[in-house]
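Undergrad: Dumping the structure here so I can ask a few things about it.
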Amino acid sequence: MEIRHLQTFQIVVEEQNLIQAAMRLNYSQPTVTKHLQHLEEEIGLPLFEKVDNRKKLTKTGEILYEHAKNILNELYTLQKKVKENKGEKQIIRVCGLDDYCDRFFLPQIVHFQKKNKNVLLEVYSVNSSDDTLKKVIHNEADFGIISGRPLPSDISYHCIDYDDLVLFASSELANDPSKKEEYLTKFPVLLDHRAPFIKFEVLKKGAQFPNAIHCDSDEGIKSAVLNQPYLGIIATGRIKKEIASETVTILETYSSNVPIKLIALTKNLSNPIFQDFYSLVSKASGS
């Protein structure tokens, strides 16, 4: 059983879509399909079944998925420890929205590297908190910063700030909150239907949007609202500068004090270097 086949299987299960999994793995779709076929041939049982015209994991697939996650996590830990033992520089990978990286990671990285010259830090920008969480869960990043997401039990977190979840518009397009209903009939609303805080704080509380368009990129929502005739739902941390300059108008606040969390896999914090970095960013927030 090849490690790359297990990696492909895990990503396909997480993405629930062959095309998206192929893009993330940088494979062609036929390659992804071939990896899954190899696994099924080796195991001798199907990993997926069709239920109501949708592919779902079989019982065998569920068992393999749980073990594949553990195997791949242990492999990553082993590779990291071997590198440390060889005297290679340790790497800390962090990720989050541009704004979160600028506000929380970059100011502390300067101080951290002065005290830890043998540690390399890599900063990756992502499009959404969901992408950040996926990267941390899959060991593609060591630390992440997310907004208002429920977390699995193997993730440690520290609340470092708070955001508000709002409906906003370019002030040139719509600058009177009392006309919100009128604006909603005129302009489409960009929002991430799959984001838990939007599901529970907006949609399940009865908010109605005549024309809602799913967009899973906070940067995409911000850019479209600033440059095109759209409204958008976003956390205020993403548009602080625009709020201060009155470039945008807040039409409605759905939820106040949404927690912004620094996250990491709990088992990775047994590494003293990782724990030091986690503590530094946590304490710097003052939360």
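Undergrad: Determine the relative contact order of the chain: mean sequence separation of Cα pairs under 8 Å and six or more apart, normalised by residue count, in whole percent.
TA: Reported relative contact order: 20 percent.
Undergrad: Next question, about the same structure. Apply the a/c threshold of 1.5 to the C-alpha gyration tensor of segment 162-259 and tell me whether it is rounded, prolate or oblate. Each step should come with its number before you reach the end.
TA: Values: a/c = 1.36, a/b = 1.11, b/c = 1.22.
In terms of gyration-tensor shape, rounded.
Undergrad: Follow-up. Kindly write out, for segment 245-255 in residue order, the coupling ³J(HN,Hα) from the Karplus curve 6.51 cos²θ - 1.76 cosθ + 1.60 (θ = phi - 60°), rounded to whole Hz, with x marking Gly and Pro.
TA: With the stated coefficients, segment 245-255 comes to 8, 6, 5, 10, 10, 7, 8, 7, 9, 8, 8 Hz.
Undergrad: Provide 215, 159 in ascending order of the number of other Cβ atoms located within 10 Å of each residue's Cβ, fewest first. All intermediate terms of the calculation are to be shown ahead of the outcome.
TA: Numbers: 215 20, 159 13.
Ranking 215, 159 by Cβ neighbours within 10 Å, fewest first, gives 159, 215.
Undergrad: How big is the antiparallel share of DSSP beta bridges in the chain, given as a percent to the nearest 5?
TA: 65 percent
Undergrad: Would you look at the GNM of the chain, springs on alpha carbons closer than 10 Å, and say which of 241, 50, 89 moves the most?
TA: Among 241, 50, 89, the largest mean-square fluctuation in the Gaussian network model of the chain belongs to 50.
Undergrad: What is segment 3-83's relative contact order, in percent, from Cα pairs under 8 angstrom and six or more apart in sequence? Provide the component values of the computation, followed by the final result.
TA: Values: 58 pairs, mean separation 22.6, N = 81.
Answer for segment 3-83 is 28 percent.
Undergrad: Would you kindly derive the ³J(HN,Hα) couplings of segment 135-152 from the backbone phi angles with the Karplus curve 6.51 cos²θ - 1.76 cosθ + 1.60 (θ = phi - 60°), listing them in order in whole Hz, with x for Gly and Pro?
TA: My calculation for segment 135-152 gives 5, 5, 4, 8, 6, 8, 8, 8, 9, x, 10, 10, 10, x, 10, x, 10, x Hz in order.
Undergrad: Under 8 Å for C-alpha pairs, at least 6 residues apart: give me the relative contact order for segment 162-259, rounded to a whole percent.
TA: After rounding, I find 55 percent.
Undergrad: Hey, another quick one. Taking neighbour counts of Cβ atoms within 10 Å as a proxy for exposure, in what order, fewest first, do 162, 278 appear?
TA: Numbers: 162 16, 278 22.
Listed from fewest to most nearby Cβ atoms, that is 162, 278.
Undergrad: Here's a follow-up. Which of 217, 255, 178 ends up with the largest GNM mean-square fluctuation for the chain, with Cα atoms connected below 10 Å?
TA: Maximum fluctuation in the GNM of the chain, among the listed residues, is at 178.
Undergrad: On a full-extension model of 0.36 nm per residue, what is the gain between residue 178 and residue 20, subtracting their alpha-carbon distance, rounded to one decimal in nm?
TA: 52.8 nm
Undergrad: Which far-off residues, 5 or more places away or on another chain, put their amide H under 5 Å from the one on residue 58, with H placed in the peptide plane?
TA: 48, 49
Undergrad: Something else: Quick one: order 98, 131, 52, 142 by neighbouring beta-carbon count within 10 Å, fewest to most. Walk me through the intermediate numbers first.
TA: Working: 98 15, 131 22, 52 5, 142 26.
Starting with the residue having the fewest Cβ neighbours, the order is 52, 98, 131, 142.
Undergrad: Please report, in whole Å, how far the alpha carbons of segment 1-121 spread along each principal axis, starting with the longest.
TA: Reported extents, whole Å, longest axis first: 55, 35, 25.
Undergrad: Each residue of segment 95-112 in order: what ³J(HN,Hα) in whole Hz does its phi give by Karplus 6.51 cos²θ - 1.76 cosθ + 1.60, θ = phi - 60°, with x for Gly and Pro?
TA: Rounded to whole hertz, the list is 8, x, 4, 3, 4, 5, 4, 5, 7, 10, 7, 4, x, 8, 4, 4, 5, 5.
Undergrad: Using modelled backbone amide H atoms (1.01 Å from N, in-plane), which distant-in-sequence or interchain residues come within less than 5 Å of residue 213's amide H?
TA: So residue 213 has HN proximity to 189, 190, 191.
Undergrad: Taking K and R as +1 and D and E as -1, what net charge do the other residues with C-beta under 11 Å from the C-beta of residue 56 add up to?
TA: Numbers: positive: 50, 54, 55, 59; negative: 49, 52, 62.
Taking every other residue near residue 56 into account, the sum is +1.
Undergrad: Using R₀ = 41 Å, calculate the FRET efficiency as 1/(1 + (r/R₀)^6) where r is the Cβ-Cβ separation of residue 118 and residue 164; round to 0.05. Intermediate values should be presented prior to the final figure.
TA: Values: r = 41 Å, r/R0 = 0.99.
According to the calculation, E is roughly 0.50.
Undergrad: Given only helices, namely DSSP H runs of n ≥ 4 each adding -39500 (n - 2.57), what is the per-residue ellipticity at 222 nm of the chain, to the nearest 500 deg cm²/dmol?
TA: -13000 deg cm²/dmol
Readers should treat all values here as calculations from the given coordinates under stated rules, not as data from a laboratory. Since we're looking at a predicted model, the values are computed, not measured. In this analysis, Cβ positions are derived from the backbone assuming ideal geometry, glycine residues included, and neighbour counts consider all displayed protein chains.
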